[in-house]
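Structure record follows, encoded as structure tokens.
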Amino acid sequence: MEKQALAGGRPATLARVLPRICLIIGQLGLGGTEKQVVLLATGLRARGADVTVVVLAGPGPRADALREAGVPVVYLGLRAWPDWRAYPELVTVLGRLTRYLRRTRPDVVHGFLYHSYVLGAPAAWLAGVPAIVAGRRSLDDYKTGRHAVLAVERVATWLTHKVVANAEAVAACTRTSERVPAGKVTVIYNALPPEAFQPAAPAELDSAYPVLVCVANLKPYKGLADLVAAAGRLRDRGRPCTLVLVGEGPDEPHLRRLGARLGVDLRLLGARTDVTGLLARADVAVLPSHTEGMSNAVMEAMAAGRPVVATAVGGTPELLDGGRGRLVPPADPEALADAIAQVLEDPGEAARMGAAARDWCRANLNLDTLVQRHLALYHDLLRS
């Protein structure tokens, strides 16, 4: 905490039973990290903590849940989101954030994604915030070759007191690629709300085939073209399936064309909030990503008791190892088709796998654990 003393900030002492916490996120869309921020903020609020969510951009669909829980939301109005090259506006937003933190004087500032922590750490340092925390939610593939991105991140990490990764694989990547000292990195898994474990009525979906459900943004790194190709191979083997993709993104036209060319019964449903019903309708949940951190989509399928087939990338093996799912190499449609076929051919094993996944999620990914571990981290930093 020596850097805090250099900033001329107040001593890092715990003035209240619960700290005043400021969580920073770029936007409040339907992504997995945004969902985790909402879960953490509402969980902290339920414990009696004074928590505020600061959003770099404007309102999004997850803001309603925060308001309903009584969590204040502050918008900084970053119009160029998510263009990290918009330097003049980023400097302006950095000034707004610094002034806000000086005025409100939180005990803890916690930024979750790249823009949040590279702006949040210097703003918190300048404002004299005692405890500065930064998140790592994915592997560092997207930073490759972006020297300015890496340089800014290194400065922000130097100003940060603790880095929280959401998977052991993400923590290992942070230590090796960013050269962050091991003692500065800790792992806190994502969590699921209690309702994720409640039985759901299957969504109405007219199909005579087994149903494969994938919840993911329609972006290249999610490997969805591999999944469509795998569904095409299953069709060629005489085992046609209905492939349901839940999400939106730039790959939609390409996926539509590929599905039509391969004769796949492909259903593109766009962004949805009623995922539990779709999972209840699924025979297999699939995630074919080329890179991942800790996948909320896999977690939700596990909590629903569905058999999961996914690529062995990032934190996914931590979720599915031990017979809780089937893992395949990334970018391998043939292996993906084989694993899906094996699950469909053995309903008893699929049911056992789904039950084991649900039990593990109940024990390891519950909301109380998420909130308690963050509070313990914040208290430890303030005491130090």
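The values are calculated or read from the model by the stated rules, or taken from the named source; none is laboratory data. Keep in mind that what you see is a predicted model, and the values were worked out from it rather than measured. Methodologically, a virtual Cβ is constructed for each residue, glycine included, from the backbone with ideal geometry; neighbour enumeration extends over all protein chains shown. These accessible areas exclude ligands, DNA and RNA; they are computed on the full protein's heavy atoms, side chains included. Shrake-Rupley method; radii C 1.70, N 1.55, O 1.52, S 1.80 Å.
Which of GLU349, GLU153, GLU34 moves the most in a Gaussian network model of the chain with Cα springs under 10 Å?
GLU349
Compute the angle between helix 32-46 and the longest alpha-carbon principal axis of the chain, please, reported from 0 to 90 degrees and rounded to the nearest 10.
That helix lies at roughly 60 degrees to the long axis.
Evaluated at 20 °C with a viscosity of 1.002 mPa s, what Stokes-Einstein diffusion coefficient in µm²/s does the chain have when Rh comes from the Kirkwood expression over alpha-carbon pairs?
Taking Rh from Cα pairs, D becomes 99 µm²/s.
Considering the options ALA271, LEU255, LEU287, tell which one lies farthest towards the positive end of the dipole of the stretch 218-300, charges being +1 on Lys and Arg and -1 on Asp and Glu at the Cβ, about the Cα centre.
LEU255
Summing Lys, Arg as +1 and Asp, Glu as -1, what charge do residues with Cβ under 12 Å from the Cβ of LEU192 carry, LEU192 excluded?
Net of charged neighbours comes to 0.
On full extension of the chain, what length is gained from THR273 through ARG261, given 0.36 nm per residue of separation minus the C-alpha to C-alpha distance?
Here the answer is 1.4 nm.
State, to one decimal in nm, how far the label point of GLU195 lies from the label point of LEU150, with both points 7 Å from Cα in the Cβ direction.
4.3
In a Gaussian network model over the chain where Cα atoms closer than 10 Å are linked, find which of ALA341, ALA356, ALA303 has the largest mean-square fluctuation.
ALA341
Just to confirm a number: summing +1 for Lys and Arg and -1 for Asp and Glu over residues other than LEU370 whose beta-carbon lies under 12 angstrom from that of LEU370, what do you get?
+2
What FRET efficiency, computed as 1/(1 + (r/R0)^6) with R0 = 41 Å and r the Cβ-Cβ distance, is obtained for ALA280 and ARG47, rounded to the nearest 0.05?
The pair ALA280/ARG47 has a calculated efficiency of 0.85.
Between Rg and the Kirkwood Rh of the stretch 165-292, both from Cα atoms, what is the Rg to Rh ratio?
1.07
Could you tell me the relative contact order of the chain? Use alpha-carbon pairs under 8 Å, at least six residues apart, and round to a whole percent.
15
For Cα pairs less than 8 Å apart in space and 6+ apart in sequence, what is the mean separation divided by the residue count of the stretch 289-334, i.e. the relative contact order in percent?
41 percent.
Whole angstrom only: what separates the Cα centroid of the stretch 338-369 from the Cα centroid of the stretch 120-142?
35
Going 7 Å from the Cα of ALA355 along its beta-carbon direction, which residues of the stretch 276-310 have the amide nitrogen within less than 14 Å of the resulting point?
305-307
Enumerate the amide H contacts of ARG20 below 5 Å, restricted to partners 5 or more residues apart or on another chain; note that Pro and chain-start residues carry no placed amide H.
ASP107, VAL108
Principal axis lengths of the stretch 266-384 from Cα atoms, whole Å, largest first?
That works out to 54, 32, 28 Å along the principal axes.
When the Karplus curve 6.51 cos²θ - 1.76 cosθ + 1.60 is applied with θ = phi - 60°, which whole-Hz ³J(HN,Hα) does each residue of the stretch 52-60 get, with x for Gly and Pro?
10, 10, 9, 10, 5, 9, x, x, x
Would you tell me the accessible area of HIS379, worked out with a 1.4 angstrom probe on the heavy atoms of the protein chains, in Å² to the nearest 10?
HIS379 exposes around 30 Å² with every protein chain in place.
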